[in-house]
Structure formats: structure tokens, C-alpha cells
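Every read-out reported here was derived from the displayed coordinates using simple, explicitly stated rules and does not represent laboratory data. The model shown is predicted, which means the values in this text are computed figures rather than measured ones. Every residue, glycine as well, gets a Cβ built from its backbone with ideal geometry; the counts of neighbours run over all protein chains shown.
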RNA sequence: GCUGCUGUAGCUCAGUGGUAGAGCACUUCAUUGGUAAUGAAGAGGUCAUGGGUUCAACCCCCAUCAGCAGCUCCA
């Protein structure tokens with residue numbers, strides 16, 4: 001006999017081979033009816049699963065629609081039901097994977113005729129039929145060869161491939177049958193399709209087979225499912241609400257920023273109100289940094305290619321950069337030539353074309369008189385090209401050709417739009433002799449960088465091609481590292497706290513073992529990674545390890561927050577770097593007069609101003625705290641008889657350092673209040689007969705939820721000024737809603 | 001970059017193979033109103049761009065650009 005320990009502490013005996021469903025029935029009929037799955041020793045299993053003889057004692061729980069695990073089971077089963085419907089409507093469909101997600105599920109498929117949004121209603125109708133039939137999910141097992149044969153027989157080639165690549169190491173394969181539909185699947189599943197209360201097919205998108213961009217692209221059908229229609233409706237309503245606070249929507253409505261097709265994709269144009277918010281944030285952090293011993297610096301937006309060859313940015317991350325700017329107009333072409341040769345993709349025909357081009361440049365007379373290219377004369381171009389042409393023809397093999405192209409390009413003057421600020425800051429460090437007494441040197445700059453993100457990645461302010469980091473580089477002795485790390489982590493935490501951004505997680509990002517995308521010696525990496533883990537552990541922070549998330553020069557601690565539609569974004573970052581000091585040969589003089597290598601910390605508490613402000617817009621739903629509000633108060637006159645008094649109030653308040661405007665349109669007061677409210681002005685100051693005679697304003701606080709309670713009474717102007725100034729200096733947070741706008745957050749926020 | 005969808009007035013969106021509409025916003029006039037929308041009139045568009053099909057294209061086809069969803073990527 002097997003002993004089951006139930007959640008209420010009681011125990012039950014069952015014979016081996018008994019099913020979870022039998023136990024549920026023996027406990028109660030209603031429980032059995034409500035049962036979705038069971039949990040045995042922490043593992044969720046089918047109700048029909050038989051208890052094995054071993055172990056003799058297990059914990060046991062019946063899961064009903066009230067348990068969160070059940071929803072996951074339901075959604076996974078829904079994926080099967082959806083796949084079954086698709087198979088009926090699109091014969092010959094290949095199935096890949098169909099897992100449950102935090103808010104729904106998907107199934108990756110490949111159908112002979114592509115599915116479009118227009119098919120969603122048909123798919124849903126077919127699913128309804130399957131649900132109405134309420135057929136059971138039946139599990140059965142096969143040996144690997146038998147299972148493979150079964151998949152092959154069903155013409156499910158992707159499943160066969162998966163068995164061959166992954167599953168063949170297991171002793172048996174499990175399948176689930178639902179009517180005519182059989183799917184290779186680990187389970188568990190709901191007892192029958194009738195348990196699916198409400199569902200909706202949401203979207204279709206491309207997804208690579210096994211998440212590998214080099215493999216074929218399948219169609220991924222997204223949907224969601226719930227036990228009741230009411231829950232589904234609530235979820236869809238939440239999605240709608242979240243959309244309204246999307247920073248792209250609010251940014252337009254509140255005139256915070258714009259992106260113009262003419263200025264270029266991924267380029268944020270800060271409008272006056274957005275710029276005000278950013279400027280206030282910058283001032284805030286700048287003041288903090290000055291107190292913490294940072295030195296502000298300024299560096300240009302472009303830098304010589306050699307600088308970035310030394311740092312490693314240029315060679316390591318070509319794909320993510322704007323192409324370099326060369327003085328010689330031929331360089332772009334030679335650069336392409338070199339890249340093709342490096343990637344062994346230079347066809348002979350193509351090579352000949354390049355050579356012909358070079359040769360054509362070496363011929364002909366030089367133009368007489370004034371040259372119309374001020375940066376690089378034709379004479380220089382011809383001489384340069386001729387030198388390369390001669391050398392390249394001499395090259396005996398690909399190696400020789402590569403060398404000639406490389407040497408030539410290295411001799412050409414070129415600039416890169418800077419992808420990072422560190423090399424420039426390093427030059428400032430190097431510009432003078434550094435003693436151990438000077439360290440740590442902390443150089444800070446709001447540095448604008450440019451990265452050529454793939455076009456499909458761009459969106460709003462959170463993923464852009466030009467952005468400004470609240471960057472700083474700290475140069476220190478090895479034994480100062482710990483203290484500097486701690487103080488920077490505290491800075492990030494302080495900022496998040498002041499803004500009420502409490503929904504974040506911490507990740508220690510380390511290198512991917514065996515990957516070639518990192519510079520430096522493994523033992524330095526080892527050391528750096530260990531240091532970071534030690535520091536966050538010591539600070540008793542919850543964190544996860546992000547393998548492969550490190551920067552190419554070192555590991556980092558990232559602070560990641562969610563936007564209102566549930567996507568995660570890295571904001572603050574603190575990075576430890578033993579490599580760039582080596583590459584740039586940085587030194588300081590120690591107390592015993594030796595030349596030693598400093599250590600660097602790169603850190604950006606906001607990450608980028610663009611992304612941070614984007615997240616903030618969503619976090620506050622556009623209603624910024626008073627200290628950040630672009631327009632802190634707006635004077636609303638009851639009629640224009642009071643405009644003169646209102647203007648004097650406006651002047652007084654502006655003189656007191658508050659950002660105040662006046663609405664002097666000949667509109668009715670209700671309309672003006674409505675406009676002010678929609679524009680998320682924190683305070684509206686109503687001015688009419690009573691206020692004018694009393695030297696007062698009537699204060700309307702827009703952060704009060706109940707509209708009728710917003711009128712908080714009449715106060716003397718001086719008192720209102722005092723009140724607002726206090727709120728500003730306290731950086732009081734008004735009206736904060738959760739960053740995820742109530743979206744289900746079933747994932748573990750932290751893992752230790 | 002890939003797959004799919006979308007692009008009409010400043011904004012949100014209707015629309016038809018026979019050269020365009022609504023609401024809001026804007027301008028003007030009237031109204032001087034006490035805590036979420038006063039009324040009227042007016043102005044405003046090469047229907048993303050470039051080709052093609054057609055007697056005729058905003059509509060159909062192709063390409064490009066951009067946006068959205070997702071995948072891949074993200075120093």
C-alpha cells in the first residue's frame with residue numbers, strides 16, 4: 001500500500017495502480033468534479049495517472065480551478081485543442097511545440113497554406129466544437145523506436161526530428177490522444193476538453209524552429225485560455241488598459257516625445273515637455289554624483305576608428321554599429337571587400353569586379369586646378385588606390401590579400417559614431433599621470449551613443465538607435481573595487497526607490513562559457529564574476545544569474561523592470577571590467593612607486609535616458625510626481641474678468657520656482673478643468689471672484705481618485721506655493737499604480 | 001534581419017475602381033460661465049513613397065520606407 005499525505009495533514013492508503021481521480025472521488029464528489037489535475041510530491045500529474053508502487057509515502061493534493069498550477073495545465077491542454085482545430089482546418093499541418101505561457105499559450109506550426117488573422121474565427125469555432133464534445137485526454141507511452149514510427153506515420157516530421165535530436169535519450173515517449181488527435185507530449189493535461197471555459201486566439205507571428213535563427217521559420221499562433229468567460233473578459237480588459245498607458249501612446253498624447261520618419265527610425269525627438277522631465281532627472285542625478293565625488297566630463301559623439309579598434313568595439317560588434325565614416329571615399333568599398341573576404345564569401349567574379357574598380361581609379365589624368373572634394377582630393381584617392389591595387393595583386397593567398405586590405409584600411413583616417421563612452425573617458429584618464437592617491441577617479445557624462453539595432457527591434461523609447469546614457473567610468477585600485485561596487489549598487493537602488501520603481505529584478509550577467517565574443521583572460525573573468533556574486537550576496541539581494549548576458553569586456557549587475565505590457569527592460573547597470581585597462585595599458589603609481597593596472601567600473605543607474613523615461617511614463621501613466629511634472633500647476637480662471645489677478649498669481653508662483661501656466665481661453669471652467677486633467681497637470685488652481693477678493697486660489701488636486709473630492713479648498717497664494725515646494729523637495733510620489741498594470745505575474749520574480 | 005498585419009486631415013478612425021468623410025483638436029465670431037466637454041461658422045488631405053495594370057487607382061499588383069505583434073539579436 002501507498003500512503004498519501006494530504007494538505008490538511010491527514011493520510012490515506014491506496015493500492016499501487018490506483019489513480020488520482022479515484023482518490024479525489026473518495027474524498028468527495030464535488031472535489032472530483034472540480035478536479036483538474038493532481039500534485040504528487042510536488043509534481044503536477046494527470047488525474048488518470050496511476051500511483052507506482054514506489055515510493056511508499058507521497059504528498060498528494062487534488063488541484064482544482066482555484067490552484068494556479070491548474071491554469072497552466074488548462075492552457076497547455078488548450079494548445080492541444082487549438083492544434084487539433086488547426087489540423088482539421090489545415091490538413092497537412094506540421095506541429096512543433098505548444099507550451100503554456102504566463103498569460104496564455106502558443107503552438108508553433110507549419111501549415112501548407114499560411115494562417116492569417118482572418119482564420120482566427122474559424123479556428124475558434126472549431127475549438128468550440130472540440131470543447132463541446134468534451135472528449136478525454138488519454139495518455140499512453142511508447143518506446144523511442146515505436147514512438148518515432150508513430151510520429152512518422154502521422155507525418156509529423158518536426159516531432160520525428162525532435163525525437164532524433166533530443167528525446168531519444170529517454171527510455172519512453174509519452175503521447176496524448178484526444179479523439180482523432182494524437183500529440184507527442186509530456187503532459188499533464190486536463191481530464192477532458194470540456195474543462196476549457198473560455199479562450200481567444202490572439203495573434204500570429206513567425207518563430208524559428210527551436211528558437212534557432214538558422215533554422216526554418218514556423219508560424220506561432222498565440223492564444224489565451226481561462227476556466228471562465230469572466231476571467232477571460234477581465235484579462236482582455238486589462239490588456240486594453242495597459243495599452244492606454246503605453247509610453248508610445250502617452251508620449252504622443254502628452255506631447256513628450258516624437259519619432260519622425262524623416263529624422264530616422266529609432267531616433268527620439270524630445271519635445272519640450274519630455275525634455276523637461278529628462279532635464280529634471282539629469283539635474284537630480286548630477287547633484288547626487290557631485291556629492292559622491294564624481295567629476296563631470298564632456299566628450300564628442302564620434303571617435304577615431306583606432307580608438308575603437310583598441311577597445312575592441314569596432315572589430316567585435318561591427319553588425320551593431322553604423323558604418324564607419326572614412327575620409328577617403330573608396331574606404332567603404334574596400335571595407336565591404338574586406339568583410340566579404342573575412343567571411344569567405346568573396347566570389348571570384350566579385351573579387352574581379354573590385355579589382356577592376358581599383359584599376360579604373362589608377363587610370364586617367366588627374367583633374368587640373370581646384371579640387372571639389374575638400375576632405376580628400378582626387379589626387380590622394382588615386383595615389384592611395386594605386387598603392388592598394390599594386391599590393392593586393394602581389395598577395396599570394398587569401399591571408400596575404402586580407403593583410404593588404406587590412407593594412408591599407410588601418411592607414412586610412414576613419415571615425416565611428418561612438419557605440420560607448422568608455423574609450424573616450426579612458427583617454428581622459430590617460431591624459432595625466434595617476435597616483436594611487438588620486439583613485440578612485442570617477443568620470444561622469446550624459447554620453448550619447450549610437451547603435452545600429454536591427455530594424456525589427458526598434459520601438460518607442462525603449463529600443464532606439466541613438467540614446468544617452470547617464471554614464472560614468474570609475475578607475476580604481478583592486479582593493480577599492482568592493483566599496484565602489486557597493487556604493488554604485490546603492491545609488492541604483494536609491495534612484496529606483498525615489499521613483500517608486502519597486503517592480504524590478506536583479507541579474508548578475510556572466511559570460512557564456514566557450515563563446516568567442518568576450519575579450520580577456522578567463523581567470524580575470526572568473527575573478528570579476530566572483531566579485532559581483534559576492535557583493536550582491538553580501539548585500540542580501542535576490543538575484544538570478546544571466547549566462548551569456550555579460551558585456552564583452554566584463555560581467556555586470558543589471559536591474560531589470562517590466563513595462564506595462566509585461567516586457568522586461570534592462571535599466572540600471574553596474575559593470576566590472578579588468579579588460580579595457582589592459583587593452584589601453586592604463587596605469588597608476590602605487591605607494592611603493594610601482595606602475596600598477598587600475599580596475600574599471602562602468603555604470604549607468606538609469607541605463608539610458610530614453611528607455612528610463614519611457615518606462616517612467618508607463619510607471620506613472622503619464623501623471624508624473626510634482627517634482628518631475630513638466631507643468632506643475634495650471635491656473636484656471638472662472639471667467640476672463642479674473643485674468644489680471646490670475647496673471648499676477650502666475651507671476652508670483654513662477655518667481656517662486658514653480659512651473660505654472662494659465663488657461664486664459666474664453667472657455668467655460670468645466671472645459672478648462674477637463675483639459676488640464678487630461679493633460680495630467682498635477683494641480684489646477686481655480687481663480688474667480690472669491691479667490692480674487694481673498695488673495696487666494698482654489699486648489700484642485702488631480703491625484704485624488706474620486707473626481708468629486710479633487711477640490712481641496714481655497715488657500716492664500718503663499719500657502720499654496722509653500723505646499724507645492726514642500727512636495728517637490730520631498731520628491732513625493734503621487735498616484736502610483738503598479739508597473740505591470742495588474743497583468744498576471746506568475747513567474748518567480750527572483751531566484752537565488 | 002525574419003514572419004504576419006497596418007499606413008486616409010494635427011490626433012483617433014470610417015470609406016468607395018469614377019479624383020474623399022466623421023469626431024476631437026485648430027482659426028474666427030458670439031457667449032463671461034464656479035470644479036471633466038457653450039454654440040455657430042471656417043480652414044485643413046498628392047489617401048506613406050515610387051513604379052505598374054486600367055479609359056480611369058486612395059482602392060488591384062510589385063517594390064521601397066515607416067509603424068505594430070512576435071521570433072532572432074541587444075557591447
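Extending 7 Å from Cα along the Cβ direction at residue A:502 and again at residue A:373 yields two label points whose distance is 6.2 nm.
Work out the P(r) tail for the range A:2-64: percent of alpha carbon pairs separated by more than 17 Å, whole number.
27
Note that the range A:426-535 shows a convex hull volume over its alpha carbon atoms of 179 Å³ per residue.
In units of 2.2 N^0.38 Å, what is the alpha-carbon radius of gyration of the range A:294-362? Before the final figure, lay out the partial values.
Working: Rg = 16.1 Å, N = 69, 2.2 N^0.38 = 11.0 Å.
With N residues counted in the range A:294-362, Rg over 2.2 N^0.38 Å equals 1.46.
Only beta bridges with both residues in the range A:522-662 are counted; by DSSP, about 80 percent of them are antiparallel.
Given Cα positions, please report Rg to Rh for the range A:102-227, the hydrodynamic radius being the Kirkwood one. Please report the intermediate quantities before stating the final value.
Numbers: Rg = 15.6 Å, Rh = 16.1 Å.
With Rg and the Kirkwood Rh in hand, the quotient comes to 0.97.
Rounded to the nearest 500 deg cm²/dmol, what is the calculated helix-only ellipticity per residue at 222 nm for chain A, with -39500 (n - 2.57) per DSSP H run of length n ≥ 4?
Numbers: 24 runs with 281 residues, N = 752.
Taking each H run of at least 4 residues, the total per residue is -11500 deg cm²/dmol.
Could you work out the relative contact order of chain A? I mean the mean sequence separation of Cα pairs under 8 Å and 6+ apart, divided by the number of residues, in percent.
Relative CO of chain A lands at 10 percent.
Can you give the FRET efficiency for residue A:723 and residue A:128, using 1/(1 + (r/R0)^6), R0 = 60 Å, r = Cβ-Cβ distance, to the nearest 0.05? It would help to have the intermediate numbers written out before the result.
Numbers: r = 58 Å, r/R0 = 0.97.
E between residue A:723 and residue A:128, to the nearest 0.05, is 0.55.
With the Kirkwood sum run over all distinct C-alpha pairs, the range A:357-504 has a hydrodynamic radius of 21.0 Å. Counted over all Cα-Cα pairs of the range A:57-131, pairs farther apart than 15 Å make up 60 percent. Going 7 Å from the Cα of residue A:101 toward and past its Cβ, which residues in the range A:564-580 have a backbone nitrogen under 15 Å from where you end up? Of the residues in the range A:564-580, A:564-568 have backbone N under 15 Å from the label point off residue A:101. Estimated from the Cβ-Cβ distance and a Förster radius of 60 angstrom, the FRET efficiency linking residue A:438 and residue A:41 is about 0.50.
Roughly what % of Cα-Cα distances in the range A:158-236 sit above 15 Å, to the whole percent?
So the portion of pairs separated by more than 15 Å is 72 percent.
Seen from a random direction on average, the alpha-carbon convex hull of the range A:679-736 projects onto 4.4 square nanometres.
If you take the Cα centroid of the range A:23-63 and the Cα centroid of the range A:147-178, the two points sit 27 Å apart. What separates the Cα centres of the range A:500-532 and the range A:240-268 is a distance of 33 Å.
Label zone of residue A:240 (point 7 Å out along Cα→Cβ, amide N under 18 Å): in the range A:551-569 this covers A:565.
The modelled label-to-label distance for the pair residue A:431/residue A:340, using points 7 Å beyond Cα in the direction of Cβ, is 4.3 nm. Expressed per residue, the C-alpha convex hull volume of the range A:633-729 stands at 88 Å³. Segment residue A:387..residue A:679, full-extension length gain: 98.7 nm, with 0.36 nm per residue of separation and the alpha-carbon distance subtracted.
Would you mind giving the three semi-axes, in whole Å and largest first, of the ellipsoid equivalent to chain A according to its Cα gyration tensor? List each step's numbers first, then the result.
Working: eigenvalues 508, 392, 164 Å².
In descending order, the three semi-axes are 50, 44, 29 Å.
For the pair the range A:594-622 and the range A:648-710, the centres of their Cα atoms are 36 angstrom apart. Evaluated on the range A:151-285, the Kirkwood hydrodynamic radius is 20.4 Å, with distances taken between all distinct Cα atoms. Using the alpha-carbon positions of the range A:380-451, Rg (one decimal) and Dmax (whole number) come out as 19.7, 56 Å. Taking the square roots of five times each eigenvalue of the Cα gyration tensor of the range A:543-617, the equivalent ellipsoid has semi-axes of 34, 13, 9 Å, listed largest first.
Just to verify a number: FRET efficiency for residue A:538 and residue A:284, C-beta to C-beta distance, R0 = 22 Å, to 0.05? Before the final figure, lay out the partial values.
Numbers: r = 28 Å, r/R0 = 1.27.
Between residue A:538 and residue A:284 the formula returns 0.20.
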